[in-house]
Every structure is written in structure tokens, then in C-alpha cells.
1. Please find, within the stretch 72-87, the residue that is modelled with the lowest pLDDT out of those that are more than 13 Å from the ligand (Cβ to nearest atom) and in contact with a strand residue (DSSP E or B) (Cβ under 8 Å, 6 or more places away or on another chain).
2. State whether the residues of the stretch 2-24 include one that is more than 23 Å from Asp117 (Cβ to Cβ), within 16 Å of the ligand (Cβ to nearest atom) and open to solvent by 20 Å² or more (accessible area, probe 1.4 Å).
3. Filter the stretch 403-425 down to residues that are out of contact with any helix residue (DSSP H, G or I) (no Cβ under 8 Å at 6 or more places or on another chain) and not in a helix (DSSP H, G or I) and give me whichever is most open to solvent (accessible area, probe 1.4 Å).
4. Any idea which residue in the stretch 154-176 is most open to solvent (accessible area, probe 1.4 Å), counting only those that are hydrophobic (A, V, I, L, M, F, W, C) and more than 16 Å from the chain's Cα centre (by Cα)?
5. Give the number of residues within the stretch 137-153 that are open to solvent by 20 Å² or more (accessible area, probe 1.4 Å) and either within 16 Å of the ligand (Cβ to nearest atom) or at pLDDT 95 or above (or both).
6. How many of the residues making up the stretch 101-135 are crowded, with 19+ Cβ neighbours inside 10 Å and away from the ligand (no atom under 16 Å from the Cβ)?
7. Is one or more of the residues making up the stretch 184-202 touching a residue at least 40 places away in the same chain (Cβ under 8 Å), surrounded by fewer than 18 Cβ atoms within 10 Å (Cβ to Cβ) and touching an Asp or Glu at 6+ places or on another chain (Cβ under 9 Å)?
8. Tally the residues that are closer than 17 Å to Ala180 by Cβ, open to solvent by less than 60 Å² (accessible area, probe 1.4 Å) and under 31 Å from the mean Cα position of the chain (by Cα), restricting the search to the stretch 221-242.
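The values are calculated or read from the model by the stated rules, or taken from the named source; none is laboratory data. Predicted, not measured: the structure shown is a model, and the values here were computed from it. A quick note on method: Cβ atoms are made from the backbone with ideal geometry, for glycine too, and the neighbour counts reach across all protein chains shown. Just the protein is used for accessible areas: all its heavy atoms, side chains included, with ligands, DNA and RNA removed. Shrake-Rupley method; radii C 1.70, N 1.55, O 1.52, S 1.80 Å.
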Amino acid sequence: MPTFRAPRGTRDLLPAERAGFRRLETIASDLARRYGYREIETPLFEQTAVFERGVGEVTDVVEKELFRIAPRTDDSESWALRPEPTAGIVRAYVQHGLQTLPQPVKLTLTGPMFRYDRPQAGRFRQFWQFDVEAIGDPGPAIDAEIIELGRRFYLDAGLDGVEIRLNSIGDPACRPAYVAALADHYRSSAALLPPLERDRLERNPLRLLDSKDPAMAALNATAPKMTDRLCDPCAEHFASVKDHLDALGIDFVEEPSLVRGLDYYTRTAFEFWPAGAEGQQSALGGGGRYDGLVALLGGKATPGIGFGLGLDRVILALEAKGAAVAPATPLAVVVGADPDATAERLRIATILRGQGLAVQAELGRRKLGRQLESAVKAGAQFAVIVGDELETGHVALRDLDAASQKPVALADLPALLRRKAGTAE
Ligand code: AMP
């Protein structure tokens, strides 16, 4: 047993796994650029109140899972690690007056989130999200655009058949009456409610709808649906989101129990689920509209919509189907028989690196044969062999796949390798 281990619920991403995350980050940033989202970075921690207000106090994320930072003195501020990025991004939008820019302001962030949850498969205390937020557009067209962007992320990542689940959770005009009807529905069967759900019933009845407790399944199946009780503007909005998705040829499933765990959502709510997922499995990502959030965090009333797609679960799904990513390999390794000629090898590698090429140098005192073996193991295509020919300004360039080699003038080597790197891509 090692003396120290990574904290429970966290993982070290060793190079093979980090390469998988890097690939997803690259897909995310490429998509974000093509769809017009610009990168933002907010602190990994915020004043606790940003999350209490911005996420909602009667949510699992704040009530049970908020990763609080112990205050160092009695009068120090109360901070927490971010459980999700939206509240921090909206806090930044308000703080920096981004409402004076042309709207919508489209922002993206990919990074770690923290939830003090009970660790289990696919549920970590530190996990990664690819997040986009479009603030200042009431929709409905942009709702469909964002859902389409999320779908494309999974397609580009190599996950087929991801299911889009869609709902509307109304707005402050129509939701209160619905929530009251929902509470009546559950109250009429209060004796059947598990204790946790009975407690939630009085504080946030909406949460009972997405309860994971099997005892709730029958009661939830007969619960009133928000989409049957939307006010006219919300109903029109929802119908138009669906029309836009139809126009894009995007399949989705309406899911009346989809309320999302966070309080600030209005109208459109959506989640992405793995192909063929049943109840107890976990969503890959989700998002929705939050027309009340900017005002809640002190800005002037501004609509917004966004999503957070978990990267860890995509990696797990890709690993499960054997689609792991190989870490990057060098184009060439500079090797040589003379154990004392490391300065020459390093100098040549430095020249090549300066030309933008991925090149390693063998700096140990191993025999040339061993150096070549390890260049092959490192996945290099070429070995640059430095020997006596260096006196005439030459090295030997060995093609490790073809096991053939030829002398090359040092002056020509960078251009030659650059050409090889180009054709290898
Ligand atoms: P949520 O805001 O809870 O809907 O989370 C959005 C996405 O983040 C989820 O669909 C997951 O992919 C991911 N996610 C949330 N919590 C965790 C966690 N504890 N561990 C790993 N991924 C998570």
C-alpha cells in the first residue's frame, strides 16, 4: 500500500487517460469556435452564496454535495468549490457588465467541477465538464442550436445513438400552479412516500419527479405533467423548440419527469443519455434555459441557456466500447553509439524541436541497439542516428517501420522531417 493516495472520489489521469480527455477538450474547443462560443475561465471556487442562490438551496448539489472550503478564521468568507459552471459564469457576466456587449454573449468553459457525493461508478468528487452558455437570447431557436451542438459533440467523440430527452418546466407564470397540483398528487399518497421524499415534498415537490427511489416509480407515472399545464407563451416556446429540432432532423424523446437537479431552470430542459439507458443509469450531460438566473445573481433580467456535458462518462463509455485513445508519439528519436556524445544528440533534437517537430533525444548511456528498440516502443517513425558522419555534416535517418536508412545532410534534415510529418498526418 502506498503511503499516500489520491483523495477518495478523485483520480489521477495517467497519460493514456489524459490523452482521451485532451481529445475531448480539443473536440469541445473546436466545436465551440465553430458555433461562436468564446472561452471564459472563472475561479474553481466562489462565495458559497453564488451557488446557494444560483443553483438553489433545496437541491442535492447544494444541500448534500457542495464541497465547502473550511474557513480559516471566524470572519473569513464562506467559499465552496464549483459544483457546476453556470452560476460562476453568470456571476462573471454580471460583475463585468457583459450585458453591454451585443447579445447573446456566448461563452464556453471546460474544466473540473466538484461535488461531495458518495463516489461510485461514473460519479466522482472531481469530474470534468464541457460547458456552453448563451446569455441574452430568449430562444426558442437558440435552444435547438445548443441541443444540436451537444449532439454533435457526442457524434464527434465517437458515441453513437445518444438519446436526447426534452421537457419544458414552464416559468414563474405557470409553474407555481403546476407545483401545487404536483404536491397535491403526492400528498394524496403521503403514506407511500419514502422519508426523504416526504421531506422534499414540503420544500421542493418538483424534485420528487426525478427521484431515483424505485418506490416512487408508480406514483411518478401518474403524476400531472408540466407540459399539459404550460401557459401560452411557454407552450408556444416549447412547440417552437421542437419545430426547430425537427427542421434540423434531430430525434428527441419528450420526458415529462425531466426537471433537472438545479433550481434556476425555466422552460427548456434537456439531457443526453447513453444509447439504450434504463432508469438507474446516469445522464451523459444536460442543460436548459435559466431565464431567472442573471437577475437572481444581481444583474438585470436577462434570459440564458446552456449545457454541461460530463467528460468522464464519455471516456468511460468510449473505453467500454474499446475506443481508447493512444497518447501522442514522437516523430523521431535522436540516437547514437557514442555514450559521450549526448551534447550532439541534444543539439540536433533542439534544432528539430525549434522547427516544430516532436522529437526525443536519447540521453542515456545505453547501447545503440537498445536505443533503437526503445525508439520503436515510444512509437517513433524515425531514428536520427548520430555517428562519425557528423564530421562531414551528415546523420543517418532510419525509417523504423521500413527498417531502412540513408545518410542525410544535417542542413536538410529539418525540412525532410517536416515533409515526412506532413505526409504522416
Ligand atoms: P448535472 O448538472 O448534474 O446535470 O451534470 C451534468 C453532467 O455532468 C452529468 O450528466 C454528468 O455527465 C456530469 N456529472 C455530474 N455529476 C458528476 C459526478 N459526480 N461525477 C462525474 N460526472 C458527473
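1. Glu77
2. Within the stretch 2-24, not a single residue is more than 23 Å from Asp117 (Cβ to Cβ), within 16 Å of the ligand (Cβ to nearest atom) and open to solvent by 20 Å² or more (accessible area, probe 1.4 Å).
3. Step by step, filter the stretch 403-425, then rank; the result is Glu425.
4. Looking only at the stretch 154-176, we keep the residues that are hydrophobic (A, V, I, L, M, F, W, C), and these are 155, 157, 159, 162, 164, 166, 169, 173-174.
Pick out the ones that are also more than 16 Å from the chain's Cα centre (by Cα) and you get 164, 166, 169, 173-174.
On the way: Ile164: 5, Leu166: 1, Ile169: 6, Ala173: 80, Cys174: 9 Å².
Among those residues, the one meeting the criterion is Ala173.
5. Count: 8.
6. 6
7. Residues of the stretch 184-202 that are touching a residue at least 40 places away in the same chain (Cβ under 8 Å), as a first pass: 200.
Cutting the leftovers down to surrounded by fewer than 18 Cβ atoms within 10 Å (Cβ to Cβ) gives us none.
No; the residues of the stretch 184-202 include none that is touching a residue at least 40 places away in the same chain (Cβ under 8 Å), surrounded by fewer than 18 Cβ atoms within 10 Å (Cβ to Cβ) and touching an Asp or Glu at 6+ places or on another chain (Cβ under 9 Å).
8. Count: 3.
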